[in-house]
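Just so it is clear, none of the values below were taken in a lab; they were calculated from the coordinates. In this text, all values refer to a predicted model and were calculated from it rather than measured experimentally. All Cβ positions, glycine included, derive from the backbone under ideal geometry; neighbour counts span all protein chains shown.
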C-alpha cells in the first residue's frame with residue numbers, strides 16, 4: 001500500500017566499516033577518524049506520521065530495552081528536524097528493530113538518519129543533502145554517512161563524508177556474539193592501549209584522491225584499530241574472526257567498536273554455507289546478506 005500524504009515507511013540499513021583508523025583526538029574531544037563505510041542489507045523499519053491534533057513526539061518500539069523518550073536517538077532526531085524547521089507539529093514514530101544494538105553496525109545512527117529524512121519529507125521542507133547531513137551531525141558522528149549510502153569515505157569526527165564506490169558485488173556474514181560494547185568504553189580501551197596513533201598509510205592517502213576501488217585491492221588492506229584493544233578483552237571476537245576466515249571469508253573484521261564481526265564472501269552460496277555451519281554450534285546472531293547496493297537514504301525509490 002503506498003504511503004499516505006502524512007505517513008512514510010522507511011527502511012534503514014546497517015553499516016560495516018571496511019577500514020576504520022582512529023587517529024589523534026581533536027579539539028572538540030572527538031577522535032579523528034578515517035573510514036570506508038558500507039551499508040549491508042539488514043534493515044530496521046520506521047513508520048513515521050504527522051498528526052495535527054497534538055504537538056508531541058510519540059515513539060513506539062517493540063524492543064523493551066530501548067527508551068522511547070529523549071534518551072532515544074530517533075526521538076531526538078525528530079525533535080532536531082522540528083527545531084531546525086521552526087515548526088510545532090505532532091510526530092508519531094514506530095520503530096521495528098532488526099539491527100542489534102551497541103553492535104558496531106550503526107543501527108541507532110541509521111534510525112536517526114531515516115527519521116531526519118522521513119520527517120523532513122512529511123513536512124515538505126525541501127532539504128537537500130547538505131541540510132540533512134548538518135542536522136544529523138548535531139546528533140552523532142555516524143549519522144551523516146547514511147545520507148551518502150551505500151558507501152563513503154568518512155573523515156574528521158564523522159562529519160566529513162565523500163561518496164565512494166567499491167566495485168562489484170559481495171556477500172557478508174555478520175556474527176554478533178550477543179553482548180554489547182559501548183562506544184565510549186571502546187575508545188577508552190584504545191586510548192589506554194597505545195601512546196600515539198599510527199599515521200595513515202600511503203595507500204590510504206592515495207585512496208582519498210580516488211572515487212572507487214576494487215574489492216581485490218581493498219580486501220588485503222582492511223583493518224580496524226579497535227581490534228588490538230578489544231580482542232584481549234573479548235577473545236571470542238578473535239575466535240569468530242578466525243572462524244569466518246576458515247569458512248572461506250576473503251577478509252574478516254570487527255565492525256566499528258564491535259561486538260559484531262563480519263566476513264566478506266565471494267557470493268551468496270559461500271556466505272550461506274558459512275552461516276549455516278556457524279548456526280549449528282552457537283547461539284550467536286548470524287545473518288548473511290548482500291553488501292548494500294541501493295542509493296541514497298533520501299531517495300524514495302529505495303524505500304518502496
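Of the peptides 58-67, 75-84, 158-167, 135-144, the order by per-residue mean of other Cβ atoms within 10 Å, starting with the highest, comes out as 135-144, 75-84, 158-167, 58-67. For the chain, relative contact order (Cα pairs under 8 Å, six or more residues apart, normalised by length) works out to 23 percent. The spacing between the range 174-193 and the range 95-130, judged by their C-alpha centroids, is 23 Å.
Between residue 182 and residue 268, the contour length at 0.36 nm per residue exceeds the alpha carbon distance by 27.8 nm.
Look at (i) 17.7, 52; (ii) 19.1, 58; (iii) 17.9, 56: the one that is Rg and Dmax of the Cα atoms in Å derived from this structure is (ii). Over the range 204-282, Cα pairs under 8 Å with separation of 6+ residues give a relative contact order of 22 percent. Using only the Cα atoms of the range 166-290, build the gyration tensor, take square roots of its eigenvalues as a ≥ b ≥ c, and label the shape rounded, prolate or oblate: rounded if a/c is under 1.5, else prolate if a/b is larger than b/c, else oblate. Oblate is the answer for the range 166-290, as a/c is 1.5 or above yet b/c matches or exceeds a/b. For the range 166-290, the share of DSSP beta bridges that are antiparallel, to the nearest 5, is 90%.
With R₀ set to 22 Å, the beta-carbon distance separating residue 217 from residue 169 gives a calculated FRET efficiency near 0.90.
For the pair residue 192 and residue 209, label points projected 7 Å from Cα toward Cβ lie 4.1 nm apart. Taking the C-alpha atoms only, the angle from helix 107-122 to the longest principal axis of the chain is near 30 degrees. Relative contact order, whole percent, for the range 20-85 stands at 17, derived from Cα pairs under 8 Å and 6 or more residues apart.
In this label model, residue 58 and residue 98 are separated by 2.7 nm, measuring between points 7 Å along each Cα→Cβ vector.
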